[in-house]
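None of the figures in this text is laboratory data; all of them are computed from the coordinates on show. On a predicted model such as this, the values are computed, not experimentally measured, just so you know. A quick note on method: Cβ atoms are made from the backbone with ideal geometry, for glycine too, and the neighbour counts reach across all protein chains shown.
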Amino acid sequence: MRVSTSLVVILSLASILIQNVSGAAVMSIDIGSEWMKVGVVSPGMSMEIALNKESKRKTPSVIAFREKSRFFGDEAITLAARFPSSSYGYLLDLLGKDISNPIVELYKKRFPYYEIVPDSVRNTVSFKNGDAVYTIEELLAQLLERAQLFAQDATGQPIQECVITVPGFFGQAERLALLSAAKLANLKVLQLMNDYSAVALNYGIFQRKNINETAHYVMFYDMGASKTTVSIVSYQLVKDKVLRETLPVVQIVGVGYDRTLGGLEMQLRLRDYLADAFNDMKKTKQNVYESPRAMAKLLKEAGRVKNVLSANVDHYAQIEGLLDEQDFKFMVTREKFEELCADLFDRVAAPVQKALDAAGLTIDVINQFILFGGNTRTPKIQEILKKKTNMELSKNLNADEAATMGAVYRAADLATGFKVKKFIVKDAVLFPINVVFGREGDNKKLVTRTLFGPMNSYPQKKVITFNKHKQDFGFTVNYADLDYLGAKEVLNVGSLNISKVELTSVTKLFEEKIKEGIDSKGIKAHFALDDSGVFSLVNVELILEKAAESVEEKEEEGAFSKLGSTISKLFGGDKEEAPVGTNETEKEKTTTEEETTTTPIPPPTAANDTENDSKEKEDKTKESKNGKNDTTTTDQKSKVITVKEPVESQSEQLFIKTLDDNQFSESLARILEIQMLEREKLRREHAVNSLESHVIEAQQRFEEEEYITCATEKELEEIKKMCSEISDWIYEDGIDAAVEVFEEKLASLTKKTNEVYARHWEHNERPEAIKALAGMINGSEHFLATARNLTKDPEKGDVFTEKEVEDLAKAIQDVIEWRDKEVEAQEKLPRNAPIKLTVKALTDKMAFLDREVKYLVNKIKRWRPKEKTKEKTIPVNETQDEAPVEENNGKQEEGTTTDEKEQDVEQIEEPVIVEQNEKESIEPTTSTEATESENKEEHSEL
């Protein structure tokens, strides 16, 4: 059963613990060939999918241009049916590709209406549309920018940090190109995450309680629009040596893929079938294949029919005005659709076997087989997979959003504003990487060393030691033998060369540093494959060893040794390097060093945990013994000091280069120019709409009697004339006018109409304000009567002074007289005369009376009866509980002004509440209790 959206939100909220920090929100972007989904998480909000402006959870990955304007998503799809050559989709397939790549050739065949030209500098794909030329990075940057806008609208705060999902078969060229596109969009990429790894993480979050020390294998089958990927994942609890706690680990152990098998190819087959059917109808002499607009309509309809046939055995394809205003209606059956795609269905099971071979597993070891990706809903595909695996096909993942939610969890883990439950993700190398170098003095005979082998986990760092080179030399980094992929797929990968490195200071260092008593231990080149799968040369250094002969020399060399050791730890950790390959002839050492923050997972073929533990103990025992012997030998000879000297290196990228500084600046300038034009367009549209609506509203209002009576004849004539002139101007000369002209005309018209609107508002609101003032006066008079009674009561005569009561009476009388006088004067004026009695004046008088009454109300709250020690005998227990009574009882001296009273009320109001709470246990006399009860009733009426 598919996991519901509400359940995802609940479980996600339980999984993420958000700190109370002022950190910004983060997002994930699952940008595919056909759809784009955005996940967000921010402080105080759980993980969720950001909606687009149409309130949809996914957006077509399409961008269109028309008349210097950009259109995205559904708007771009709509525009593509009319102007297909200006609407660009399936861009991810072209990223980081040479113009001669087979994938590019296939793209041209599928979409012949695009004008694709080579980039003048990099020979990559560019789209030409009129005078404009767009690179793939530019177009993708604008899609990422739109995804950022969706995320910011969802969270209400700016977002820059993100995790972006990519196909696992993306090489160095594609990954670096996508990072360039993100940089153009002003995004900080925390990680490029393989889509199947994001799905595996999302699944593991919900299965956390079921993960134990025994490896649990799950196979994920993903068929999207352009590709099919199968990944085998292991879930296991592993003790982290750094954090010293047992954590769940998800590791990719096997991957198989077919980068051209997907829903798009099936949709294209159906499109061509429909095109042939229309031509056979002979409704027009024109060939439908020659009309890009008609073919774009057929492609869109083919996609709709394909989706419907997943649940129905037949369905009509219908297009109005397909070509030459001729409609098209044609019945398509599921049987015919499967016949059209028969050769594609034959390829469905192949990635499953490739993944099993890569993992070294058999299908019976797999515990679960899970489908995700939109095109896995096709019944024929499910039938083939069930027959191939002989397993139940699980559909307990959201096929569209699993990768997005897994990536946003990872984003929260990597960002600084969140605390999440740790879940370690170990990805795997699909394309192995080698280092190739020549022997010392003989560059013709090449030596190859493997840095990252097939299915090696990453992120990881590795080191190669060159211990025989004493002159400047170079080496190249290439993809290793990829024959297992097949000849066709090797061509799709593109350039197999990654970089060329030249070490330029080796000769100089050996001449200057190698002296008597100083030995060379070789040149170490440090390499890294980071979380994003991006390869890099970290640094190169010469390792020197020298025996310390004197105390002073020991101290001096010790400082250099510590410095060298510190630098080394920064790049490689402090673990001992273990050899991964040797060559007896050359005696070159290839060594590895793993990151201290990662824990290797036992291989799938391990027999059991007990055997592994015993082997580890034996290895540790041997290492400790060897270490002891080495130390003894060293101590007997002399103390050895290690010094590390940096070696200058120059690295040249050999695959498709990313945007250089000039190209990046030009692309950024074009994007900023488009953004500026859009802002100006929105400003103009807003100004035109505001002016037009204000004119229409004014013309309608001044046809009504209630507004006409509020304006003088001169005002009415001026406003009507102005509205008429502006209305004619908008549809004639205003078409080409600047936005500032619209804003000026709106300001002048608003100034005229607002004077009349203000009078109308005053006349409409005044009756309610007068009624509210009458209610305030009535309440004040009731309170005044109560206050007078309290001053006559001999036991409570000290609550209010006579002066205070008379001041309140005078205030009430003054307000009544003012009201009657002002109302009478206002009623004598016509509706179009300046307002004499404003609503604000009435509310000010209400506030004045409110202050006067509140002062006395607060005073009675503070009042307590005086203690009568002679007249009444108080029991001992009551005397102990009694709290002392204030002597002044809150009295004010005579002559206090109204402002002073207000200030006193503000100062004493809060302590009064505390004092009442503290004295709840006091039991006053019966008469006092009755009086206070009466007062409370009167106060509640007020």
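Quick look at the numbers
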{"read-out": "Overall form of the range 655-795 per C-alpha gyration tensor (a/c, 1.5; a/b vs b/c)", "value": "oblate"}
{"read-out": "Length released on extending from H216 to Q318, taking residue separation times 0.36 nm less the Cα-Cα span", "value": "31.9 nm"}
{"read-out": "Mean-position separation - Cα centroids, the range 476-503 and the range 246-288, in angstrom", "value": "28"}
{"read-out": "Inter-label distance, nm, simple model (7 Å from Cα along the C-beta direction), Y289/L829", "value": "8.3"}
{"read-out": "Stretchable slack from K488 to K421, in nm (0.36 nm times residue separation minus alpha-carbon distance)", "value": "19.9 nm"}
{"read-out": "Filtered GluC sites (Glu not before Pro), the range 658-731: DSSP coil and at most 16 other beta carbons within 10 Å", "value": "E703, E704"}
{"read-out": "Candidates per GluC sites (Glu not before Pro) in the range 276-356, loop by DSSP, up to 14 other Cβ within 10 Å", "value": "E325"}
{"read-out": "Unit Cα scatterers, Debye sum, the range 383-542: log10 I(q)/I(0) for q = 0.20 Å⁻¹", "value": "-1.29"}
{"read-out": "Cα-Cα pairs of the range 288-432 separated by more than 26 Å (percent)", "value": "49"}
{"read-out": "Values of log10 I(q)/I(0), in the order q = 0.19 Å⁻¹, for the range 263-345 under a Debye, Cα-only, solvent-free model", "value": "-0.77"}
{"read-out": "Sites E713 and D736, calculated FRET efficiency, Cβ-Cβ separation with R0 45 Å, nearest 0.05", "value": "0.80"}
{"read-out": "Global geometry of the range 89-129, whether rounded, prolate or oblate, following the gyration tensor of its Cα atoms and the 1.5 cut on a/c", "value": "oblate"}
{"read-out": "Sequence-separation-based contact order of the range 263-345, relative, with Cα cut under 8 Å and 6+ spacing, percent", "value": "29"}
{"read-out": "Over 28 Å [Cα-Cα, the range 163-322], rounded percent", "value": "49"}
{"read-out": "Residues E697 and T843, FRET efficiency given R0 of 22 Å [Cβ-Cβ distance, rounded to 0.05]", "value": "0.20"}
{"read-out": "Approximate spin-label separation M45-K751, in nm, with each point projected 7 Å along Cα-to-Cβ", "value": "4.2"}
{"read-out": "D733, D74 arranged by Cβ crowding within 10 Å, fewest neighbours leading", "value": "D733, D74"}
{"read-out": "Trypsin sites (Lys or Arg not before Pro) restricted to the range 452-548 and DSSP loop, no more than 11 other C-beta within 10 Å", "value": "K515"}
{"read-out": "Three-way shape label, the range 130-256, alpha-carbon gyration tensor, a/c 1.5", "value": "prolate"}
{"read-out": "Extended-chain gain in nm, criterion 0.36 nm per residue less alpha-carbon gap, R679 and E768", "value": "27.7 nm"}
{"read-out": "For the range 68-160, average projected area of the Cα convex hull in nm²", "value": "7.1"}
